[in-house]
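K.L.:
Following this message is one structure expressed as structure tokens.
The values are calculated or read from the model by the stated rules, or taken from the named source; none is laboratory data. These numbers were taken from a predicted model, which means no experiment stands behind them. All Cβ positions, glycine included, derive from the backbone under ideal geometry; neighbour counts span all protein chains shown.
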Amino acid sequence: MFKLMRQIARAGICTEAPPDIAGLEPHASAIHDEILAILGQALAIRQVDAGSCNGCELEIHALNNPYYNLEGLGIKFVASPRHADMLLVTGPVTRNMELALRRTYDATPAPKLVVAVGDCGCSGGIFGEGYASCGRVSNVIPVDVTVPGCPPPPLEIMRGILAAVRRRSGTPSKKN
């Protein structure tokens, strides 16, 4: 018991520092107002894993934690493409997911937006095109915005989502 207590005391608290979101906080209400002005409602996103390693999914899930609070900005994830305004696609599109991704895209009501997340979704990544992979998402469905990175940080994913929403409205993207 004492050996464990000494080890805990020696190691201290082993956690990472929270992400730097100082630039995000003042813009939160402006982002929410802009989404409502452009869409007239909350933004509904359907996330599709087309064959990724799940690194991008971990960063996407981080968007819902209290640091980023995506849902507080009027952006929510939905289970059905029929309720979605945007598809957030990760990974290189595998041959087995090609038809499923096309059906998901077709089931999303117009006007629809597509954001490819991660190096694999943007360019095919290390997998490229081959017998088991179609490569980048744009080889299968039209893509509006790409968010490069392996995996991209949550703040960059959020910027990509907002760039796609601004593109829909015709508003030029702002640099934050």
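K.L.:
One residue is enough: does segment 13-27 have a residue meeting the conditions within 18 Å of residue 164 (Cβ to Cβ), among the aliphatic types (A, V, I, L, M) and either part of a strand (DSSP E or B) or at pLDDT below 85 (or both)?
P.N.:
Filtering segment 13-27 for residues within 18 Å of residue 164 (Cβ to Cβ) gives 24, 27.
Still in the list and also among the aliphatic types (A, V, I, L, M): 24.
The next check asks that each one be either part of a strand (DSSP E or B) or at pLDDT below 85 (or both); those that pass are 24.
Yes, the conditions are met somewhere in segment 13-27.
K.L.:
Please specify each residue of segment 32-53 satisfying the condition of being on the phi > 0 side of the Ramachandran plot and surrounded by fewer than 18 Cβ atoms within 10 Å (Cβ to Cβ).
P.N.:
Of everything in segment 32-53, just one residue is on the phi > 0 side of the Ramachandran plot and surrounded by fewer than 18 Cβ atoms within 10 Å (Cβ to Cβ), namely 40.
K.L.:
Still on this model: Tell me, please, whether a residue that is within 12 Å of the chain's Cα centre (by Cα) and small (Gly, Ala, Ser) can be found in segment 117-129.
P.N.:
Yes, some residue in segment 117-129 is within 12 Å of the chain's Cα centre (by Cα) and small (Gly, Ala, Ser).
K.L.:
So the check is Cβ under 7 Å with 6+ separation or different chains; which pairs have a first residue in segment 142-153 that's surrounded by fewer than 21 Cβ atoms within 10 Å (Cβ to Cβ) and a second one that's acidic (Asp, Glu)?
P.N.:
From segment 142-153, the pairs are 148/119; 149/119; 149/156; 150/119; 153/59.
K.L.:
Let me ask something additional. Six or more apart or on different chains, Cβ under 8 Å: which pairs go from a residue in segment 113-130 that's without any contact (Cβ under 8 Å) to a residue 24 or more places away in the chain to one that's of a type in the set (Ser, Thr, Tyr) and in a strand (DSSP E or B)? Could you list them?
P.N.:
none
K.L.:
Oh, and also: Exactly one condition in (1) within 23 Å of residue 149 (Cβ to Cβ); (2) over 16 Å from the mean Cα position of the chain (by Cα) is false for residue 96; which is it?
P.N.:
Residue 96 satisfies every listed condition except (1).
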